[in-house]
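Report on the structure given below.
The values are calculated or read from the model by the stated rules, or taken from the named source; none is laboratory data. Owing to the predicted nature of the structure, the values given are computational and were not obtained by experimental measurement. Positions of Cβ are generated from backbone atoms using ideal geometry, with glycine treated the same way; all protein chains shown enter the neighbour counts.
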Amino acid sequence: MSEAVVYGFPRSTFVNIVRLVLTHKNVAYTFEDLEPVMGKGEHLALHPFNRVPIFRHDDFTVYETSAIVRYIDEAFGGEMLTPREPQARARMSQWISAVDSYFYPYMIFHVTHERLVFPELGIASDERVVAHALPKVEHALGVMERELAHGGDYLLGSQLTLADFYMLPCTFAFGLTDEGQSMYRKLPAFSRWRARMEEHPTTRKLRASLPPREPILHAREWANSHRPKY
Ligand SMILES: N[C@@H](CCC(=O)N[C@@H](CS)C(=O)NCC(=O)O)C(=O)O
């Protein structure tokens, strides 16, 4: 029996992408909470760029979420989440890259950190960071709305792919902010996709297994190290 381990901290957007894919494919895995050692030697030995997730499968260790989920999809059984056809694969990769470049940085790194993560630690929001990010989020979600308005259930139309699970955790966390909720009300096709994904048995199963949301303690340091300056 092979061993699969996800290393990260529970509220991490990228960690939850990996956990959704493992859950969907019915892969048994253990979760190692790195919160107490984030940025320390034990963590950096697994991820030299000081991030999570890291995934270990027996003696093979890999970091970077897009590499991890592609590996999981190929290395384990269960429903394939990668299309066979080259153009559909390219479209899936396009969405994955778009999450990394155009959705996550503004929805999570900027707005969610300022609205949720920092206030939970007693650190005031920087309104300039939020104001800079919101038009970028609006643009990104508008692109997604137009794609989904063609009538498909998922980002690639009728097929659920890695791209949908890649997008979901960002839209979940941003949806906890007031700005997210008011933006979502103006996006009917996106909101239908979000409801479909949130109600998916895979999402429900993972959510039911997660601990209650606690403040991200090591994020106190992000106010110095990661916060954009405008
Ligand atoms: N390019 C990385 C990004 C991962 C990332 O930014 N993870 C965040 C959590 S969602 C993180 O590790 N933050 C920890 C920190 O910055 O201290 C990937 O795709 O895995």
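Scan the range 144-182 residue by residue and report those that are among the hydroxyl-bearing types (Ser, Thr, Tyr) and either in contact with a Leu (Cβ under 8 Å, 6 or more places away or on another chain) or within 14 Å of Ile96 (Cβ to Cβ) (or both). Scanning the range 144-182 gives Tyr154, Thr161, Tyr166, Thr177. Only one of Arg56, Arg51 is in a loop (DSSP other than H, G, I, E, B), modelled with pLDDT of 95 or more, basic (Lys, Arg) and not assigned by TED's automatic domain parsing to the domain that holds Leu160; which? Exactly one residue qualifies, and that residue is Arg51. Being surrounded by 13 or more Cβ atoms within 10 Å (Cβ to Cβ) and in the same structural domain as Phe109 (by TED's automatic domain parsing) is a property that Trp222 lacks. Is it true that Thr23 is of a type in the set (Ser, Thr, Tyr), touching a residue at least 40 places away in the same chain (Cβ under 8 Å) and more than 12 Å from the ligand (Cβ to nearest atom)? Yes; evaluated as a whole, the condition is true for this residue.
Being surrounded by 17 or more Cβ atoms within 10 Å (Cβ to Cβ), touching a residue at least 24 places away in the same chain (Cβ under 8 Å) and within 10 Å of the ligand (Cβ to nearest atom) is the filter here; which residues of the range 56-67 pass it? Listed by number, the list holds a single entry, Thr65. Restricting Ile96, Ile17 to residues that are part of a helix (DSSP H, G or I), touching a helix residue (DSSP H, G or I) at 6+ places or on another chain (Cβ under 7 Å) and assigned by TED's automatic domain parsing to the domain that holds Glu147 narrows the list to Ile96.
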